[in-house]
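One structure is given below, encoded as structure tokens.
Coordinate-derived values only; no laboratory data. Because the structure is predicted, anything quoted here is derived from the model rather than measured. Quick reminder, even Gly has a Cβ in these numbers, built from the backbone with ideal geometry, and neighbours come from all protein chains shown.
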Amino acid sequence: MALRVLFIGGNGIISSAASARGVQRGDELTLLNRGRSTTRPPVVGARQLIGDAHDAASIAAAVGDQTFDVVANFRAFSAEQVAADIDFFEGRCAQYVFVSSASAYQKPVMTLPITESTPLRNPYWQYSRDKIAAEDLLMAAYRDRGFPATIVRPSHTYDATLVPILGGWTAIDRVRRGLPIIVHGDGTSLWTLTHTRDFAVAFAGLLGNDRAIGEAFQITSDEVLTWNHITALLARAAGAEPQTLHVASEAIARELPDEGPGLLGDKAHSVMFDNRKVRSLVPEYRAVIPFWRGAREIVEWHDADPSRRVVDGELDAAFDRLVARYSA
């Protein structure tokens, strides 16, 4: 039986693949977003509503009196946004899915692998603390009055448009020019990258599932790589061998303050995840796209259009400063 599903978002890295998966399995999918994305083509088969996910009044005006089996918000980043969603969608949906983040888990992580019962605490990154606050609000609403909440925690999820290393395409451009690129720490910390098409399989399997109500699920790949290996796979996909310079995460954060919270609050820490809980509800879920294949997709997508190969001059200069300072 087809589900009536509303995605707030729907054309981002994570949500676009989830949208395609929903249409593929026959859901009656409606997407609410600003309709401005030029990176990804529209999802064929989905209905479009125009609204601002950060504006509760805009969401209310776009949705009107419609009801849904599932509402999933990919664009909620604060407890205030989630509180507004609870007020508006209570009684209008049978399941509300909040897309949180695996960065909410305690940092540093005390025990691996990470499970859904790993404590939530991140003193380094406000983004993660806001996600935790939103989760707390949802679980209170579920406990107090049965609001049908499900929480999903993706980790570092990517598609062809995202270069998942420090510097993005600027780093790949440096590799091709034979320049050193920066890798945080000694490059041996463990990390998990999940292709968005894999994520979509597990995500779609949770929608409309009564057993998912009141629960949190992490959805990641089971592949665990070091940052040195991730960097090498991307460089080789770009046709080069990387010259890497290892720099302490704290030093990178001082030179690149915008990168600091996400680095110190997430990527600098080793992670691996136990996905048995989501598989208990979605037994068909297996992450089947290894990163060596994903790395090739990333480079091929960028090489297909020169306008995609954007080099950030300020970032490139900052990398040069780090190389000059720490290469000895």
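On a C-alpha basis, how far is the centre of segment 154-199 from the centre of segment 12-65 in Å? Whole number, if you could?
Each part reduced to its Cα centre gives a spacing of 27 Å.
Specify the residue with the greatest mean-square fluctuation among 96, 142, 285, computed from a Gaussian network of the chain linking alpha-carbon atoms under 10 Å apart.
Of 96, 142, 285, the Gaussian network model singles out 142 as fluctuating most.
For the chain, give the magnitude of the charge dipole about the Cα centre (Cβ charges: +1 Lys/Arg, -1 Asp/Glu; no others), in debye to the nearest 20.
Charge dipole of the chain: 500 debye, to the nearest 20.
Taking each full run of DSSP H in the chain as one helix, which ones are at least 24 Å long along their axis (Cα atoms) and have mean Kyte-Doolittle hydropathy of at least -1.0?
126-145
Could you list 110, 1, 139 in order of exposure, starting from the residue whose Cβ has the fewest other Cβ atoms within 10 Å?
1, 110, 139
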